[in-house]
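Rule-based calculations on the coordinates, nothing more; no lab input. These figures come from a predicted structure and were not determined experimentally. Using ideal geometry, Cβ is built from the backbone for each residue, glycine included, and neighbour counts are taken over all protein chains shown.
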Amino acid sequence: MPGTAIIGLQWGDEAKGKIVDLLTEQNDIVVRYQGGANAGHTVVFGGKKYKLSLVPSGIFRPQVQCVIAGGVVLNPKSILEEIGGLTAQGITIGKNLLISDRANVIFPWHALEDQIFNSIGGGESIGTTGRGIGPCYQDKAGRSLAVRLGDFYKPDFKAKIENIVRVKNRIFAGLRAADGAGGTLNADEIFTEFTAYGERLRPFVADTTDYLLNAVDADKRILFEGAQGSLLDIDHGTFPYVTSSNSSGTGISSGSGVPAHFLKKIIGIVKAYTTRVGGGPCPTEQDNGIGQKIRDRGNEYGTVTKRPRRCGWFDAVAVRYSARLSGVDVLSIMLLDVLSSFEELKICTAYNIDGQTVKHFPSQFEDLRKAEPVYETLPGWKEEIDSVRRYSDLPDNAQNYVKRISELVGKPVEIVSVGPDRTQTILVN
Ligand code: GDP
Ligand code: IMO
Ligand code: MG
């Protein structure tokens, strides 16, 4: 049976959570496979709004198995709080959630390091979510200071924590001596606190790679839930203004352990415009009344950090690149309703960089920063469209806007979203 993936094609917050929730019904398993509690995915149904960070957005259908795979960096306190919050909202979480024993764990030193190393070479800030994501992936790649969830249940767990805290305290002492940064960690306190988290998490812990490979053999339908967006990918995004995992389609296999050829359909999620949180270039950003109108109408404030999102016009150069990178078959265009009432709308179709017109997405962020967007202008539509349910009932100019995005990106559009609720969804054709 086919595997399906939901991948953000911009800089995150494309409304992936809404589409994962929608498609969960047609699947047996939903998998988060990269990122961590930097993600904030929103699902709205039955008059209620749910915010998810580590728990897969498939959790609202109790018959579906949710999996947090080994590529995720896990903050045990965050996930326990999240499980507690969802349970209090009436959501059942038990055997329907598995967490990989391979997941690397975020410790208090990672959050400290995130604060200290948030700027590029001591210069401009990356504007991370401050959740310790980068430092945890750094220790994973370095191996010697990494702790995986499975390590919690081994006899040498205490010694491991003591050894790592000794090294980290030396590093922090050095930094403090140099410029007053850092803190002091207490190994005993951390060991006691995290042992308790480990006990509470024990019922969920499993070898999820083995579980998913068996599911593949058993022809199960698996939905992969990407976090962040393709342009934040550590290898293929706007480095160094990126997150620390492969958040494009390239990360699905490495993060989950499921071979890439199992994937039969990749759905690229895009907003009908552009947003970005944190630092880094964003050529179509409108730091003016237009950007503010999009922010107001789209309620564009971060789910995790509450920061105002940077807003601008749709960038077809960037999305054409990310759609090809992520192997996208079809597009889902989200938040189209936000663009109602604009007199005209612009779409970026090329960049001017150093006097040259280019249609490819630059590999170097300095070039992207210099890029002046070349815009095509389309007429807007006045009507609110949040109650439209059939594609043919959308205003002509809205249909033309969707069609033009599809042409420029080079992929067909399968879904158009006109509001946060499950029901505010239009299936094209
Ligand atoms: P994710 O991280 O990709 O899952 O996206 P977020 O949840 O961070 O941000 C998307 C926001 O847009 C959430 O507040 C959603 O409830 C909301 N949303 C989703 N689809 C639509 C839509 O079609 N229209 C509007 N107005 N809001 C939407
Ligand atoms: P979802 O899954 C939007 C951004 C941060 C920062 C950069 C690095 O909700 O789409 P990190 O804490 O990951 O080291 O921060 O990446 N970022 C996101 N932006 N949506 C997200 O997740 C993000 N996760 C990280 O703002 O610019
Ligand atoms: Mg989000």
Relative contact order in percent for region 1-134 (Cα pairs under 8 Å, 6+ apart) equals 21 percent
The chain: spread of alpha-carbon positions along the three principal axes, whole Å, largest first, is 66, 52, 38
Treating the angle as unsigned and between 0 and 90°, give the value, to the nearest 10°, between the Cα long axis of helix 76-88 and the longest Cα principal axis of the chain.
60 degrees
Per the C-alpha gyration tensor (a ≥ b ≥ c, the square roots of its eigenvalues), region 29-69 is rounded if a/c is under 1.5, else prolate if a/b beats b/c, else oblate; here it's oblate
Once amide H atoms are placed 1.01 Å from N in the peptide plane, what residues at a sequence separation of 5 or more from LEU74, or on another chain, have their amide H within under 5 Å of its amide H?
ASN104, VAL105, ILE106
Cβ crowding within 10 Å averaged over residues, with 10-20, 51-61, 139-149, 417-427 ranked highest first:
10-20, 51-61, 417-427, 139-149
How big is region 101-176 along each principal axis, measuring the range of its Cα positions in Å and listing the largest first?
43, 26, 17
Suppose every Lys and Arg Cβ carries +1 and every Asp and Glu Cβ carries -1, with no other charges. What dipole size does the chain come out with about its Cα centre, to the nearest 20 debye?
500 debye
Tell me which residues come under 5 Å, amide H to amide H, from ILE93 once H is placed; ignore anything under 5 positions away on its chain.
none
For the chain, what proportion of DSSP beta bridges, expressed in % and rounded to the nearest 5, is antiparallel?
40 percent
Residue of LYS154, LYS293, LYS370 that the Gaussian network model of the chain assigns the largest fluctuation, springs spanning Cα pairs under 10 Å
LYS154
Using alpha carbon positions and the Kirkwood radius, the Rg to Rh ratio of region 38-139 is 1.03
Residues with amide H under 5 Å of VAL30's amide H, sequence separation 5 or more or different chain, H placed in the peptide plane at 1.01 Å from N; which?
GLN65, CYS66, VAL67, LEU223
Note the angle between two axes, namely the Cα long axis of helix 316-325 and the longest principal axis of the Cα atoms of the chain, as a number of degrees from 0 to 90, rounded to the nearest 10.
50 degrees
Quick check: net charge around ASP337, other residues with Cβ under 12 Å of its Cβ, Lys/Arg +1 and Asp/Glu -1?
-2
Residue-wise, which Karplus ³J(HN,Hα) couplings in Hz belong to region 302-308, taking 6.51 cos²θ - 1.76 cosθ + 1.60, θ = phi - 60°, and x for glycine or proline?
x, 5, 8, 9, 6, 5, x
Work out, step by step, the length gained on full extension between SER78 and PHE239: first 0.36 nm times the residue separation, then minus their alpha carbon distance; give nm to one decimal.
55.2 nm
Give, to the nearest whole percent, the P(r) tail of region 259-350 beyond 22 angstrom, counting all Cα pairs.
33 percent
Share of Cα-Cα pairs in region 277-429 beyond 21 Å, in percent?
49 percent
What's the angle, to the nearest 10 degrees (0 to 90), between helix 289-298's Cα axis and the longest principal axis of the chain?
70 degrees
Among THR87, THR275, THR349, whose mean-square fluctuation peaks in a Gaussian network model of the chain (Cα, cutoff 10 Å)?
THR87
